[in-house]
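Chemist: Encoded as structure tokens, here's the structure I'll be asking about.
The values are calculated or read from the model by the stated rules, or taken from the named source; none is laboratory data. These figures come from a predicted structure and were not determined experimentally. Counting neighbours? That spans all protein chains shown, and the Cβs are built from the backbone with ideal geometry, glycine included. Surface areas here come from the heavy atoms of the whole protein model, side chains and all, with no ligands, DNA or RNA. Shrake-Rupley method; radii C 1.70, N 1.55, O 1.52, S 1.80 Å.
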Amino acid sequence: RHQQLTHLKSIYQRFHDEGVKIVLHAGDIVEGIRMYRGWEREVIAHGATDQANYAIREYPKHEGMTTFVIGGNHDGSFYTNAGIDVVSLICAERDDLVYLGSAGAHLDLPGGMRAYLHHGAKGQAYAKSYKLQKAVEGFAPEAKPHLYICGHYHVSVVLPDYRNVYAMHPGCFQSQTEFLRRLGLNPDVGGWLLEYRTNPD
């Protein structure tokens, strides 16, 4: 019930207008099942099939644009409860959606840019940037990406050069749920348009 589909479609239109070819999605393309007490009152599609079909039908699509997506904890709730990988079902029906796996995945982008998509866990830290900082500090040198995008927290934060990593929480496209209201958390609705240039040296 709290999806912000209009805003999601609007930002995809903006991406299209700007000539974006690659979109990175850091998890939770569906709401999942049995996430918290009262969850069943907050969804409009119940079950893996209904939620997958809704995403297949409604998730924005533009010619020439590919969205790379990982699974999040809400997506993974279907796997935990019933052994169903709902994101793989969705991506199998959409040629513009590419599934990279659950929770985290490396991706090589044009120009030699290495990205790592990650879906975090547990609640927000005392400072919005803390989880980004700790993740960047924990990368082994050989696995350190140029770009680190961490979903899950429903906040929008950018650390443009933390230990030579461009790190971000991308925001979300869900308004404040009853669950978030109880926790006193306000989500940042939106995403980012990132333009980069790489130095061949």
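Chemist: On full extension of the chain, what length is gained from Glu40 through Asp96, given 0.36 nm per residue of separation minus the C-alpha to C-alpha distance?
Modeler: 17.2 nm
Chemist: Can you list, bin by bin at 10 Å, the percent of alpha carbon pairs in segment 1-107, starting at 0?
Modeler: 15, 47, 31, 7, 0
Chemist: What size of dipole, in debye to the nearest 20, comes out for segment 1-149 about its Cα centre when the only charges are +1 on Lys and Arg C-beta atoms and -1 on Asp and Glu C-beta atoms? Don't skip to the answer; put the middle values down first.
Modeler: Values: 16 positive and 17 negative charges, 113 e Å.
Dipole about the Cα centre, nearest 20: 540 debye.
Chemist: When the accessible area of segment 67-135 is split by element with a 1.4 Å probe, what percent falls to carbon and sulfur?
Modeler: So the carbon and sulfur contribution to the accessible surface is 53 percent.
Chemist: Then there's this: Give the accessible surface of the chain per residue, rounded to a whole number of Å², with probe radius 1.4 Å and ligands, DNA and RNA excluded.
Modeler: Per-residue accessible area for the chain comes out at 55 Å².
Chemist: Pick out, in residue order, every one of the trypsin sites (Lys or Arg not before Pro) in segment 1-85 that is DSSP loop and has at most 16 other C-beta atoms within 10 Å; say none if there are none.
Modeler: Arg1, Lys21, Arg34, Arg37, Lys61
Chemist: Would you kindly calculate the mean projected area, averaged across all directions, of the convex hull enclosing the Cα atoms of segment 143-201, in square nanometres?
Modeler: Working: hull surface 21.1 nm².
Orientation-averaged projected area of the Cα hull: 5.3 nm².
Chemist: Could I ask something else about it? Of the listed peptides 141-150, 163-172, what is their order by residue-averaged count of other C-beta atoms within 10 Å, with the highest listed first?
Modeler: Values: 141-150: 16.1, 163-172: 20.3.
Top to bottom by mean Cβ count within 10 Å: 163-172, 141-150.
Chemist: Stokes-Einstein diffusion coefficient for segment 40-181 at 20 °C in a medium of 1.002 mPa s, Rh from the Kirkwood formula over Cα pairs: what value in µm²/s?
Modeler: For the chosen part, D equals 129 µm²/s.
Chemist: Of the options Phe78, Phe179, Ile33, report the single residue whose Cα projects farthest towards the positive end of the charge dipole of the chain (beta-carbon charges: Lys, Arg +1; Asp, Glu -1).
Modeler: Result: Phe179, furthest along the dipole toward the positive end.
Chemist: Sticking with this one: Give me the extension gain from Thr66 to Leu180: residue separation times 0.36 nm, minus the current Cα-Cα distance, reported in nm with one decimal. Show your work: numbers first, answer last.
Modeler: Values: separation 114, 0.36 × 114 = 41.04 nm, distance 3.07 nm.
Difference between extended and current length: 38.0 nm.
Chemist: Moving on to the next point. Give me the distance between the Cα centres of segment 140-201 and segment 70-88, rounded to whole Å.
Modeler: Going from one Cα centre to the other spans 22 Å.
Chemist: Can you tell me how much longer the chain between Asn164 and Leu193 gets when fully stretched, taken as 0.36 nm per residue apart minus their C-alpha distance, in nm with one decimal? Show your work: numbers first, answer last.
Modeler: Working: separation 29, 0.36 × 29 = 10.44 nm, distance 1.98 nm.
Extra length available between Asn164 and Leu193 comes to 8.5 nm.
Chemist: What does the convex hull of the Cα atoms of segment 1-56 come to per residue, in Å³, rounded to a whole number?
Modeler: Convex hull of Cα atoms, per residue: 89 Å³.
Chemist: Among the GluC sites (Glu not before Pro) in segment 43-103, which ones are in a DSSP loop with at most 10 other Cβ atoms within 10 Å of the Cβ? Mind listing them?
Modeler: Sparse-neighbourhood loop GluC sites (Glu not before Pro): Glu63.
Chemist: Cα gyration tensor of segment 85-145, axes a ≥ b ≥ c as square roots of the eigenvalues: rounded (a/c below 1.5), prolate (a/b > b/c) or oblate? Show your work: numbers first, answer last.
Modeler: Values: a/c = 2.75, a/b = 1.40, b/c = 1.96.
Taking the square roots of the gyration eigenvalues as a ≥ b ≥ c, segment 85-145 is oblate.
Chemist: For every other residue with a beta carbon closer than 12 angstrom to the beta carbon of Ser102, add +1 if it is Lys or Arg and -1 if Asp or Glu, then tell me the sum.
Modeler: In short, -3.
Chemist: Here's a follow-up. I want to check the label-to-label distance for Arg14 and Gln124. Put each point 7 Å from Cα in the C-beta direction and report it in nm to one decimal.
Modeler: It works out to 2.0 nm between the two label points.
Chemist: Same structure, new question: For segment 1-40, which whole-number percentage of the solvent-accessible area (1.4 Å probe, protein heavy atoms only) is attributable to carbon and sulfur atoms?
Modeler: On the way: 1080 of 2380 Å².
For segment 1-40, the apolar C and S fraction of the accessible surface comes to 45 percent.
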